[in-house]
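The values are calculated or read from the model by the stated rules, or taken from the named source; none is laboratory data. This one's a predicted model, so the numbers in the text were calculated from it and none came from an experiment. So basically every Cβ, Gly included, is an ideal-geometry build from the backbone, and we count neighbours across all protein chains shown. Note: accessible area is taken over every heavy atom of the protein model, side chains too, but ligands, DNA and RNA are not part of it. Shrake-Rupley method; radii C 1.70, N 1.55, O 1.52, S 1.80 Å.
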Amino acid sequence: MGWYHLFYQYNPDSAVWGNITWGHAVSRDLIHWLYLPFAMVPDQWYDINGVWTGSATILPDGKIVMLYTGDTVDAVQVQNLAYPANLSDPLLLDWVKYPDNPVLIPPVGIAIDEYRDPTTAWLGPDGKWRVTIGSKVNGAGVSLVYTTTNFTTFDLLPNYLHEVPGTGMWECVDFYPVAINGSTGLDTSVNGPGIKHLLKASLDDTKIDVYALGTYFANNDTWAPDNLAEDVGLGLKYDYGRYYASKTFYDPVKERRVLWGWINETDTEYEDLEKGWASLQTIPRTVLFDNKTGTNILQWPVEEVESLRLNSTDFEGVVVEPGSVVELNIGTATQLDIFADFEIESLGLEETNEANGGCRGGVVDRSSLGPFGLLVIADETLSELTPIYFRPTNTSDGGLKTYFCADERRSSKANDVFNQVYGSQVPVLEGEKFSMRLLVDHSIVESFAQGGRTVITSRVYPTEAIYGAARVFLFNNATGVNVKATLKIWQLNSAFIHPFPLDQIDTVKPLQPF
């Protein structure tokens, strides 16, 4: 009825883990958010130790069911059912917990503390709903599958949806279809020709979100990856930076699949307690299958973020010579939307240090072809900076292998921040320029390479490069190429995020613009 709803795990008493309650916020546009009263609190024996992760399913008749993990009085992870008290309320303020909860308990062979995070349900060809839940068996990450017709009674299927040895506990499993040749998202229940299914897991051992593309076999509710070498946990990540516990939903109004991700802090718990809060969400992203490579998805910020754009500055064909830095004079550089394309021109010099490649050496690891890119959240003297860059490497067959990286090691002078180098290989196809889009927001950079094939979220804490002191620079640390850059940079307005005016709730109409 015109509102997006986000429910999130929240501790109302502290900025550290504990007393996990469901916060609730609503938005018209996924950018500006209004806080509502808590949706659910830990007040029953089956969730007294926490109202944990859950997922909503909207049924064909418009009803909404919410399955969520509760931590019981005996520290057993169980699945519970909740639903809105009043479906005609567009804000869904009040939630009812099913009186006969829990609806699912750990089955035989599953540890009581390794059974959590039910997905959105999808409808099978037999008219039954399917839900998958993450777990671990003998060190293998697994996704259990249940069928149901009423969301109160469930049947456990004999097969796992999938399992991958050695990947450990799978949290926040997500499972959804993507169209091979489509430009829109798909409802979670869609299956058939021209469709692949994406299986994603949050790996509890390493705190990274991993995914693979493959085929869903509805006849026995199993899934197989396209590439065994890049199975779930062995290959692709949603995001190569600070990013975890993500979840998608299908937006039927705009026919898109939207991905939410959680960014936790990289400073200490003491600092979190001092500032009084911890963790945040990324800008929502759309998800599409990359039909040019056929091997990965594309993630891209939702179009609504463009509503924050203010003035823009264009830079055309800026040449950056080896070992040089060029400041881009745009004024305030703390909140930016940057599009940048790079081309390289060989200077015919002898190749150097080509064998290392990758991102691990950071921005100071020079070769003939790179690294080159942008320095954001930098101060004028470059005492603090966050480089986001490409590093192409020659291959034995005469081609190029390109890496996309973020080096946080000089992003902050604070001595209690965990900073590292992030990145991965990114496909750059013939005829394509090296392209990146960066969303810069004071202490966060979300970086998208080649239209979203590889994404890196950086959580940094500048002490000098703040407010009016923040700058943005081009750099070329290659030894054997000139780099020509073309950019468009928008300054961004702030989104508003504040409590809903509860005294106006009676006047809210479902589709009235806020």
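Taken over region 214-246, the criterion of being open to solvent by 50 Å² or more (accessible area, probe 1.4 Å), over 16 Å from G423 (Cα atoms) and assigned to a strand (DSSP E or B) is satisfied by T215, F217. Is region 161-170 home to any residue that is touching a His at 6+ places or on another chain (Cβ under 9 Å), aliphatic (A, V, I, L, M) and touching a residue at least 40 places away in the same chain (Cβ under 8 Å)? No, the conditions are met nowhere in region 161-170. Of all residues in region 197-213, those being within 21 Å of R257 (Cβ to Cβ) and surrounded by 20 or more Cβ atoms within 10 Å (Cβ to Cβ) number 11. Considering only region 179-192, I want to know if a residue exists there that is more than 23 Å from N296 (Cβ to Cβ) and open to solvent by 10 Å² or more (accessible area, probe 1.4 Å). Taking every residue of region 179-192 in turn, at least one turns out to be more than 23 Å from N296 (Cβ to Cβ) and open to solvent by 10 Å² or more (accessible area, probe 1.4 Å). Total residues in region 467-503 satisfying the condition of being farther than 27 Å from E303 by Cα and assigned to a loop (DSSP other than H, G, I, E, B): the figure is 4. Looking for whichever is at pLDDT 95 or above and part of a loop (DSSP other than H, G, I, E, B) here; the options are S424, S411, S396. Which one fits? Among S424, S411, S396, only S411 is at pLDDT 95 or above and part of a loop (DSSP other than H, G, I, E, B).
Filtered by the rule that a residue be touching a residue at least 24 places away in the same chain (Cβ under 8 Å), over 20 Å from P102 (Cα atoms), open to solvent by less than 50 Å² (accessible area, probe 1.4 Å) and not in a strand (DSSP E or B), region 13-46 gives S14, A15, V16, D29, L30, I31, H32.
For region 456-466, filtered to residues that are under 25 Å from Y238 (Cα atoms) and assigned to a loop (DSSP other than H, G, I, E, B), the residue that is least open to solvent (accessible area, probe 1.4 Å) is V460.
For region 73-111, which positions are in contact (Cβ under 8 Å) with a residue 40 or more places away in the chain, closer than 30 Å to L34 by Cα and either assigned to a strand (DSSP E or B) or charged (D, E, K, R) (or both)? Of everything in region 73-111, those that are in contact (Cβ under 8 Å) with a residue 40 or more places away in the chain, closer than 30 Å to L34 by Cα and either assigned to a strand (DSSP E or B) or charged (D, E, K, R) (or both) turn out to be Q79, L81, A82, W95, K97. Assess whether L298 counts as being surrounded by 20 or more Cβ atoms within 10 Å (Cβ to Cβ) and either basic (K, R) or in contact (Cβ under 8 Å) with a residue 60 or more places away in the chain (or both). It is true that L298 is surrounded by 20 or more Cβ atoms within 10 Å (Cβ to Cβ) and either basic (K, R) or in contact (Cβ under 8 Å) with a residue 60 or more places away in the chain (or both). The condition of being under 21 Å from A179 (Cα atoms) and either more than 21 Å from the chain's Cα centre (by Cα) or at pLDDT below 95 (or both) holds for only one of V258, V253, that being V253.
Quick one: would you say R437 is crowded, with 24+ Cβ neighbours inside 10 Å, in a strand (DSSP E or B), of a type in the set (D, E, K, R) and at negative phi? It is false that R437 is crowded, with 24+ Cβ neighbours inside 10 Å, in a strand (DSSP E or B), of a type in the set (D, E, K, R) and at negative phi. Only a single criterion out of (1) open to solvent by 20 Å² or more (accessible area, probe 1.4 Å); (2) assigned to a strand (DSSP E or B) is not satisfied by G70, namely (1).
What do you reckon, is T295 within 15 Å of Y211 (Cα to Cα) and β-branched (V, I, T)? The answer is yes for T295. Inclusion of P284 among residues that are exposed (fewer than 15 other Cβ atoms within 10 Å of the Cβ) and at pLDDT 95 or above is not warranted. Scanning region 112-160 for residues being more than 23 Å from the chain's Cα centre (by Cα), within 25 Å of Y211 (Cβ to Cβ), in a loop (DSSP other than H, G, I, E, B) and among the hydroxyl-bearing types (S, T, Y) gives a total of 1.
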